[in-house]
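The values are calculated or read from the model by the stated rules, or taken from the named source; none is laboratory data. Model, not experiment: these values are computed from the prediction. For neighbour counting, all protein chains shown are included, and Cβ atoms are generated from backbone atoms with ideal geometry for every residue, glycine included.
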Amino acid sequence: MRNQIVRSSFILVIFFIANLANAQDDDKKKDKDKDKNIGTEVVNVVRSYTPTISDAFKIKQTPSLNDKETNKKKEIKYSIFSFPVASTFTPAKGKAEGLKKAKREKLYNTYVSLGLGNYNTAALDFYTSRAISRNETFDISLNHHSSQGGIDNVQLDDKFFDTKLDLAYINRGRDFSWKGKLGYQHQIYNWYGLPEGFLTPDQIGTISEQQTYHNIYVGADVNMEDSFFNGGKVLYRRMFDAFSSGENRLILQPEFEVAIAGELIKTTVDIDYVGGTFKNNFQETGGIDYSTLKAGISPSLVILRDDLTVNFGAGIYVGLDLENSKNDIFIYPRITAQYKLSGDNVIAYAGIKGDLQQNSYYDFVQENNFVSPTLAIAPTDQQYNGYLGIKGKLNANVSYNARASYMSESGKALFQVNEFNPSATSDNGYTYGNSFNVVYDDVNTISVFGEINVDITSNFKFGAKAEYFNYNTDKQTEAWNLPDLEASIFADYQITEHWFAGANIFYIGERKDLVTFGPGTFFPVVQEVTLDSFIDVNAHFGYRFNHRLTAFVKANNIANQDYQRWINFPVQQFQVLAGATYKFDF
């Protein structure tokens, strides 16, 4: 049926085309006949034709629609018809890219290092850490450094001896850990810095120049997690010497932390007691007793806002002079801020801090080994220390730090050489202008600090720092024995897998001291002395035979300078120390 309809339609189309072609041929014949009979006529044009356009019909107003359904949108509902499809795709197994792994260093729980050098110098360093259980360890550390002396042009014995033993028990828990500490230190020094031209050889031979220090300490550090009690520390130290001097110190510092309204509030309680006695004062007119207590609280609020970190705090202390029945209240600002101007590349920081600093006989001895056992011990009121700085990274390998500060201190301790006043009734070896006293003064200090550290390669590191000081004193004419400039440079180089080397250079600027001769006479001589600045160049290198054994050589004062850190106390010149370090499990 369908084929018949198609066939009929095809015939009709052909027929229509044929008729149309015949009709066009007839029309063409008629047109040709007419063209043959056209005559000649004259047409007169009366005026030119000017066409016009009639006005279009415009709608006068927009018709309004009253159909309420016009603005309604038809709700369209979507639905997904999901059904499981079995997949025959099997992903290929991934293969990790190969990375060059650094050799894992073998760790040992014990090492011992021994070195010997000129000036009959010996150095020993021993450490071991024993695991008692999974969470308990027991550590032992022993350090020794001594020399039999031999400095040129020194008329008294200049040997020294320093040995320290530390024991520690550590217990690490999930939320609670603590460390118990016990230690003993034995030190021997000699007041060998005699002024020239005041004593005969016979008189020098009668001087007992040796001083011996002993100190024993016991303490603990506590750390807690997920608790308002963060932890803290407690320390007790007992020190005594060969001249019947003794000192006790007790430090207790618990820390608390509470989160309020999303902010962190930290509080530290600080209790620091120092008390002791000296058998004689320098004039040998009586003994010296001192007893001071520092007790206070230091709350602080830590605010973290993106790149800004601000710490608002204060220190409120009560200072008690128990020996003289005096007390004072001190309030110190403790505000610090840090803002990242450009990530870790540029960080601006500022702050203002203050503190009541406890001074002690032990601290003075560690700073200056040649003090006399006749010191007046008192705290220092550091009223404020304001600073402004910038730090960051110039690139991935270079970091920097620059800071300017202004500090005001009341009762700052300054070392000053004791007067030359030998005793006629005793053989104390510190009364010949060869020991140091402590004087106190109000000092304002302006300082500018700069530091840069460069990791030239992964095996070569370099750094340098310097700080300039300007002091303004109240009663003293100078800030005695304080340098105007301190600078240092260091470099460490891992030459090969086995060879390594390093160097450091220290610069200490000029210092001034006040020398007094003949204080018991009518015309004592008081002279201000300037100590020259000096540079101390040190270097070391070594060779690692394997993970256990390393040999090393250290050289100090390579420039062989005969400088004085303290007046009349020259140091050892070129020094060399060679030794080895051995690691093992014990």
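Applying the condition of being small (Gly, Ala, Ser) and assigned to a strand (DSSP E or B) to the range 251-294 and asking which residue is farthest from Asn311 (Cα to Cα) yields Gly276.
When Asn223, Asn248, Asn215, Asn230 are checked against the criterion of being polar (S, T, N, Q), surrounded by 14 or more Cβ atoms within 10 Å (Cβ to Cβ), at pLDDT below 90 and assigned to a strand (DSSP E or B), a single residue qualifies: Asn230. Listed by first and then second residue, the pairs linking a residue in the range 454-473 that is closer than 12 Å to Asp484 by Cβ to a residue that is surrounded by 15 or more Cβ atoms within 10 Å (Cβ to Cβ) and not β-branched (Val, Ile, Thr), with Cβ atoms under 6 Å apart and 6 or more places separating them unless they lie on different chains, are Ala466/Gly450; Ala466/Ala487; Glu467/Ser447; Glu467/Phe449; Glu467/Glu486; Phe469/Ser447; Phe469/Asp484; Tyr471/Ala479. Beta carbons closer than 7 Å, at least 6 apart along the sequence or on distinct chains, pair a first residue in the range 310-330 that is in a loop (DSSP other than H, G, I, E, B) with a second that is modelled with pLDDT of 95 or more for Leu322/Ser291; Leu322/Thr292; Leu322/Leu293; Glu323/Asp289; Glu323/Tyr290; Glu323/Ser291.
Among the residues here, Ser300 qualifies as within 28 Å of the chain's Cα centre (by Cα), at pLDDT below 95, hydroxyl-bearing (Ser, Thr, Tyr) and in a strand (DSSP E or B).
Touching a strand residue (DSSP E or B) at 6+ places or on another chain (Cβ under 7 Å) and crowded, with 18+ Cβ neighbours inside 10 Å: does that describe Ile508?
yes
Within the range 463-485, none of the residues are under 22 Å from the mean Cα position of the chain (by Cα), of a type in the set (S, T, N, Q) and part of a strand (DSSP E or B).
Restricting to the range 398-448, and then to whatever is in a loop (DSSP other than H, G, I, E, B) and of a type in the set (Ser, Thr, Tyr), can you tell me which residue is nearest to Phe517 (Cα to Cα)?
Looking only at the range 398-448, we keep the residues that are in a loop (DSSP other than H, G, I, E, B), and these are 418-419, 421-427, 429-431, 433-435.
Right, trim to of a type in the set (Ser, Thr, Tyr) and you get 423, 425-426, 430-431, 435.
Details: Ser423: 14, Thr425: 19, Ser426: 19, Tyr430: 14, Thr431: 11, Ser435: 14 Å.
Only one residue tops the list, namely Thr431.
Exactly one residue out of Asp442, Asp427 is touching a residue at least 40 places away in the same chain (Cβ under 8 Å) and either exposed (fewer than 15 other Cβ atoms within 10 Å of the Cβ) or farther than 30 Å from Ala242 by Cβ (or both), and it is Asp427.
Of all residues in the range 332-363, those satisfying the criterion of being surrounded by fewer than 16 Cβ atoms within 10 Å (Cβ to Cβ) and of a type in the set (S, T, N, Q) are Ser342, Asn345. Considering the range 179-212, the residues that are under 48 Å from the mean Cα position of the chain (by Cα) and among the hydroxyl-bearing types (Ser, Thr, Tyr) include one that is surrounded by the most Cβ atoms within 10 Å (Cβ to Cβ), namely Tyr192.
Whenever a residue of the range 559-583 is under 21 Å from Phe541 (Cβ atoms), its partners that are at pLDDT below 95 and β-branched (Val, Ile, Thr), lying with C-beta atoms within less than 6 angstrom and at least six residues away or across chains, give the pairs Gln572/Ile151.
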